[in-house]
Structure formats: structure tokens, C-alpha cells
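Everything below concerns the one structure shown next.
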Amino acid sequence: MKRLALAAWAVLSLGMARAEPAYQYNQDAIARDFLWLEFQDIPASARPKVGVALSGGGARGFAHVGVMEVLTENGFPVDCLAGTSMGAVVGSFYASGVPFSQLWKIGQNASFSLVSKDFNSLGLLSLLFADKLLSSEKMENFINDNIGRRTFEELRIPFACTAMDIKTGERILFTEGPLAVAVRSSMNLPGIFKPVHYRHRLLVDGGVADNIPVGAARQLCGEWVLASVSSGDYGATELNNVVSYLLQTMDIRGEKLAAKALADSNFIIDSNVRGINFADLSKSYEAGIIGREAAYRRVGAAKESLILFSLDSIMEKYDKDR
């Protein structure tokens with residue numbers, strides 16, 4: 001009853017303050033917008049903590065840039081953030097305070113040359129015909145060049161990213177120490193790049209063990225967790241070489257493990273990037289635009305979900321303000 005009374009009060013109060021005879025307002029939208037303003041006015045210490053989990057997905061994962069931009073424009077608080085693979089890259093840049101304009105420029109120029117100096121025709125031949133994996137060290141340098149040699153402790157919000165120890169199969173959660181090596185490990189594709197040797201571990205892409213790190217976001221702070229997902233379309237992928245088979249296998253594995261994570265989230269934004277291949281980084285910018293469009297379509301429903309989850313906090317604020 002309190003919830004219904006509060007919603008009715010919000011509609012009546014806003015209608016009295018803002019009613020314009022020339023327009024027909026949708027009462028649900030009016031109530032949502034008013035309650036959203038009330039929610040935004042609550043101090044962070046007095047409301048549920050909001051976490052965001054960014055999935056892996058290779059080039060498709062750049063959709064998270066568009067999603068995060070729309071969330072930011074709509075005033076969503078992001079109290080903590082977790083990412084896997086490309087989600088770890090986007091998440092680390094966001095948590096570092098890198099402007100979206102810089103992220104979009106990166107998307108326009110993305111290629112595997114950012115990840116490895118060996119990923120060219122000669123490197124691919126060595127991968128296919130020789131007992132040699134490529135180095136992803138260049139990705140670590142790229143992150144350091146763009147956000148500085150930061151540690152997790154120096155980020156503006158708590159951030160985590162996931163990798164897997166290829167020796168033990170353990171999921172490794174990074175929350176402290178140097179940022180660049182952790183993000184590099186999180187997107188270090190097994191079977192293509194050499195495992196990252198770090199702290200007595202042999203680390204590969206976290207998508208193999210935890211493709212949508214909802215649990216990591218909850219572990220950091222998230223009482224209400226939004227999952228940003230960039231799912232693939234397996235049937236559309238051309239399987240014509242060893243690399244495509246490796247990427248497809250990893251992609252499917254990550255998707256199969258994602259069901260429980262999605263069930264544990266409070267809200268999902270699934271960007272329709274199924275027409276973009278995992279490895280086609282030249283379409284990263286396109287994925288970002290698709291993610292932005294998907295977030296615009298879902299942002300109203302996301303607000304409603306968070307408002308309902310936070311009604312007790314809104315009621316407490318309302319009672320104090322009376």
C-alpha cells in the first residue's frame with residue numbers, strides 16, 4: 001500500500017507542478033520520472049549500491065561503450081563495475097575516468113594490432129603451422145598509454161575483472177594491484193595468445209570461466225546489478241580456419257556459462273550485435289552504436305527496476321522531507 005500511495009502522490013504532485021493542457025502525459029512515465037529524481041537526490045550512503053557487469057564478446061563487447069554512455073547521460077549511479085575480456089577493457093577505461101569521446105575514437109581505429117604486434121599474416125601463419133603462440137604484451141602497453149600505470153586502488157570507482165588460470169581452471173578475480181596486466185589477462189584469448197605469467201599463474205581470457213561477471217559486481221558492492229550483454233550468433237560465423245574454430249568454441253563456452261549469471265542479475269541490457277563476428281574489431285564502433293540504441297530502448301525499464309528496488313530508501317527520504 002505504501003508503494004501505491006507513493007506512486008500516486010508522485011503523479012499528483014508532479015501533475016500539479018508541471019501540467020500543461022496542450023499535452024497528454026503518460027501517468028506511469030510521470031511517476032517514474034518524478035521518482036527517479038527523488039532517487040537521484042538520495043545520498044549514496046542511504047540507497048542500494050548499484051553495480052554493473054560487462055560481458056565478454058570480442059568486438060561485440062564494444063557495445064558496452066554505448067550502454068555506459070546512455071546510463072551516464074540518464075544519471076545512473078555506478079558504484080562498482082566488473083568486466084570480462086572486452087568488458088574488462090571498457091570497464092577499466094570507464095573506472096579510470098576516460099571520456100567517452102576517447103573511447104569512441106578507439107573504437108573507430110580498433111584492430112588486433114592494438115593487442116599484439118604479431119597478429120598479422122606472418123603471425124597467423126606461425127600460429128597455424130608452428131608451435132608458437134602470439135604475445136599480447138602490446139595490449140598491456142596500450143592500456144598503460146591511455147590510462148597511465150594505474151592500480152585498481154587508484155580508480156575512481158571499485159572495479160574488478162576476471163581471468164582464468166589455464167593450469168588449474170580457477171576463475172581469477174582481480175581487484176587490486178596493477179590494472180593493465182589484469183585487463184590484458186582478462187582478454188588473453190587461449191590458443192591464440194601466450195598465457196600471461198603473473199603471480200605464479202598462467203592466465204587466459206576470463207570469458208572461459210566467467211563471461212558475465214555479475215557475481216564479481218555483487219562481491220564488490222552491487223545490491224542491484226545491471227548486466228550488459230553482447231551475445232553472439234553462432235550460426236552466422238564462418239568457420240574456415242583454426243582461429244575461427246577456437247574463437248567459436250570459446251564464444252559458445254562463455255554463453256553456456258552465462259545463464260546463471262543472468263538469472264542472478266536484477267536487469268539486463270542485451271545489445272543486438274549478433275551480426276558482428278567476435279574477432280572483427282573493425283566493427284567495434286558499429287557495435288558501440290548498437291549498444292547505445294539498445295540502452296536507449298531499455299533505460300526507462302531499467303529506471304523502473306531500480307526505483308522499485310529502492311522504494312524503501314525513497315520512502316525514508318520522503319518521510320524526512322515532510
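Once a ≥ b ≥ c are taken as the square roots of the eigenvalues of the Cα gyration tensor of the range 137-215, is the result rounded (a/c under 1.5), prolate (a/b larger than b/c) or oblate (a/b not larger than b/c)?
oblate
Please list, ordered by chain and number, the residues whose modelled amide H lies under 5 Å from the amide H of L202; skip anything fewer than 5 residues away on the same chain.
Distant-sequence amide H within range of L202: I166, K167.
Any read-out appearing in this document is the output of simple, stated calculations on the displayed coordinates, not a laboratory observation. Everything numeric here is computed off the predicted structure, so don't read it as measured data.
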